[in-house]
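Here the structure comes first, spelled out in structure tokens, and everything after it is commentary.
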Amino acid sequence: MLIGDLSIWNQAEHARKSRQLDLLARGDYSPILDELRRAYPRTDLPVRAIPFVSRYVAELSGMYARPVVRRFRAATLEQPVWQKLQSVYDASRIDRQLELAEADLWTQNVFLAVVLPDGIGKVRLHAFKPWQVEELQTCDAMRANDPTTWTRLVVTVPMQAVAGQVVMGRMVLTPTTASRTIGGQDVGIYAADKSHPFGRIPVVVAYRVAPDPGRSLPPVNDAVLNLQVALSLQQADNENIVRNCAFPQKWIKNANVSQLVEEISHGPDKFIAMVMGDPQAPAPELAIAQGQVPVAELVSFAEHQIRLYCAMLGLDPSSFLRVNTAVTAAARLFAAQDRQAMRDRILPLLTQLERDLLALITTVLSLREPMPFPSDLSLDVTWSPYTASPDPQAAAQALQAEVALGVSSPVDAVMARDGVGRAAALYTVKTNLDEARALGLIPAPAALSDGPQEAQAEGQPEADTTDTTGGN
């Protein structure tokens with residue numbers, strides 16, 4: 001909201017939406033109860049869990065669900081160094097934490113985390129949501145989305161757990177100090193005197209949506225939150241409609257005064273006495289009223305909402321709605337391509353996030369372990385997302401044609417499928433070919449004949465198949 005030259009941001013509303021999305025993505029539907037009380041203050045409707053947010057995240061995420069290949073690079077990178085880094089990543093379960101980071105990018109539109117020491121050979125990646133940010137100051141409003149300009153960051157973190165209750169404390173980060181509350185006392189995170197060697201606030205940030213000018217945090221994914229709330233509230237209201245219209249209601253027409261009751265009770269075995277005109281008029285008669293439930297219209301409206309929102313979000317509605325009609329392989333292929341195209345949009349964000357995270361991890365490790373890391377250390381990341389082929393035979397023929405044209409190779413296909421390095425993929429391909437030849441499934445390669453071609457082949461150097469990338 002703009003008032004003159006002043007931009008006002010409702011931080012409390014932003015935190016409320018962020019917390020609701022965080023809970024709904026993890027399967028906690030307590031926000032729906034609050035929305036029910038707000039929308040229907042005089043009706044006690046039940047909470048109906050429609051897992052749209054979690055289904056939305058599952059549909060678009062998954063880059064870290066399969067093995068990830070990291071290749072550490074530097075001008076002089078010794079083998080013990082990258083082996084040490086690989087063991088640290090495995091012991092710290094970095095892939096699991098980054099899987100949660102990918103989910104935050106789709107719901108919160110931002111991922112924030114700090115790297116905490118966790119003993120020898122391990123670190124702990126602690127992620128926090130926008131609703132946990134109490135205070136965020138920057139020295140340059142024009143670069144407020146750049147964490148290197150942040151001067152103070154205060155985050156709500158658990159301080160202690162007592163009798164099943166979690167007491168919250170604060171983590172305070174500045175360019176020179178880092179501390180958090182433990183048992184009511186401020187304790188240094190990286191050193192006893194609360195100092196740290198990073199030179200800036202030690203936090204990694206990835207934005208899927210750019211924040212507003214002058215803001216450090218972007219808006220949350222309101223569209224997904226709105227549909228989740230609308231579907232859950234509508235389902236609860238639909239059940240209320242069906243419950244009140246499903247049973248036949250007995251009632252008395254032309255009842256006299258003596259047949260009236262002080263309190264009217266609803267239900268299939270109750271009577272409602274209704275006076276029509278003069279009480280001394282005709283004798284009362286029993287009638288039964290049956291409500292008409294518009295079930296088809298209610299279901300159609302819910303499906304229309306899902307289709308509309310999915311179309312706006314660029315998703316295939318058939319992934320959320322099971323239809324009775326047959327879906328062709330071409331339609332499934334195009335839907336999978338659209339979904340993968342949306343996933344590919346965040347790959348540059350994840351790559352930069354991995355590199356920023358590597359810088360923090362090596363600095364935290366250097367605080368407790370003497371192993372020096374190269375100053376120009378970086379890494380390349382290769383993901384292997386699962387993509388189901390609608391026509392396996394056509395996919396195999398396409399790969400065979402690409403191999404024949406030199407566009408791809410079986411080694412590349414195995415690397416993408418299994419998430420392994422080139423050396424491991426090459427070993428798998430050679431082993432499979434040897435077994436196929438031994439079983440007689442494919443012919444053995446023809447021996448080279450004597451002649452100029454053999455001499456030329458013998459004069460060429462043997463292909464180097466060693467994986468020199470510096471990683472698995």
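The values are calculated or read from the model by the stated rules, or taken from the named source; none is laboratory data. Every value quoted in this text rests on a predicted model; they were computed, and no experiment measured them. Cβ coordinates were reconstructed from backbone atoms using ideal geometry, including for glycine residues, and neighbour counts include every protein chain displayed.
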Checklist line | Filtered residues of region 393-412 (kept if without any contact (Cβ under 8 Å) to a residue 12 or more places away in the chain, assigned to a helix (DSSP H, G or I) and closer than 18 Å to Asn432 by Cα) | finding: Ala396, Gln400, Val403
Next item on the list: Would you please name the residue that is nearest to Ala101 (Cα to Cα), looking only at residues in region 119-141 that are of a type in the set (D, E, K, R) and part of a strand (DSSP E or B)?
Entry: Arg124
Next item on the list: Check Gly119 against each of (1) surrounded by fewer than 17 Cβ atoms within 10 Å (Cβ to Cβ); (2) closer than 30 Å to Asn226 by Cβ; (3) out of contact with any strand residue (DSSP E or B) (no Cβ under 8 Å at 6 or more places or on another chain); (4) not aromatic (Phe, Trp, Tyr) and name the one condition it does not meet.
Entry: (2)
Item checked: Residues of region 171-197 satisfying the condition of being assigned to a strand (DSSP E or B) and surrounded by 16 or more Cβ atoms within 10 Å (Cβ to Cβ) -> Met171, Val172, Leu173, Thr177, Ala178, Ser179, Arg180, Thr181
Notebook entry, point to check: Scanning for something of a type in the set (Ser, Thr, Tyr) and either surrounded by 15 or more Cβ atoms within 10 Å (Cβ to Cβ) or part of a helix (DSSP H, G or I) (or both), does region 71-83 turn up at least one residue?
Noted result: no
Check: Going by the conditions given, is Ala127 over 27 Å from the mean Cα position of the chain (by Cα), of a type in the set (A, V, I, L, M) and over 17 Å from Ala210 (Cα atoms)?
Finding: no
Note to self: For the structure I just gave you, tell me whether Leu100 is more than 16 Å from Ser232 (Cα to Cα), surrounded by 13 or more Cβ atoms within 10 Å (Cβ to Cβ) and free of Cβ contacts under 8 Å to residues at least 40 places away in the same chain.
What the structure shows: yes
Next item on the list: Please work out which one of (1) more than 19 Å from the chain's Cα centre (by Cα); (2) in a helix (DSSP H, G or I); (3) modelled with pLDDT of 80 or more is the condition Glu369 fails and give its number.
Entry: (2)
Note to self: Could you check region 130-148 and list, in sequence order, the residues that are of a type outside the set (Phe, Trp, Tyr) and crowded, with 18+ Cβ neighbours inside 10 Å?
What the structure shows: Pro130, Gln132, Val133, Leu136, Thr138, Ala144, Asn145, Pro147
Checklist line | Test: Leu125 is at pLDDT below 95 and out of contact with any helix residue (DSSP H, G or I) (no Cβ under 7 Å at 6 or more places or on another chain) | finding: no
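Rundown of residues vs (1) of a type in the set (A, V, I, L, M, F, W, C); (2) at pLDDT 90 or above, yes/no style:
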| residue | (1), (2) |
| --- | --- |
| Gly4 | no, no |
| Leu36 | yes, no |
| Asp44 | no, no |
| Glu59 | no, no |
| Arg93 | no, yes |
| Asp104 | no, yes |
| Phe111 | yes, yes |
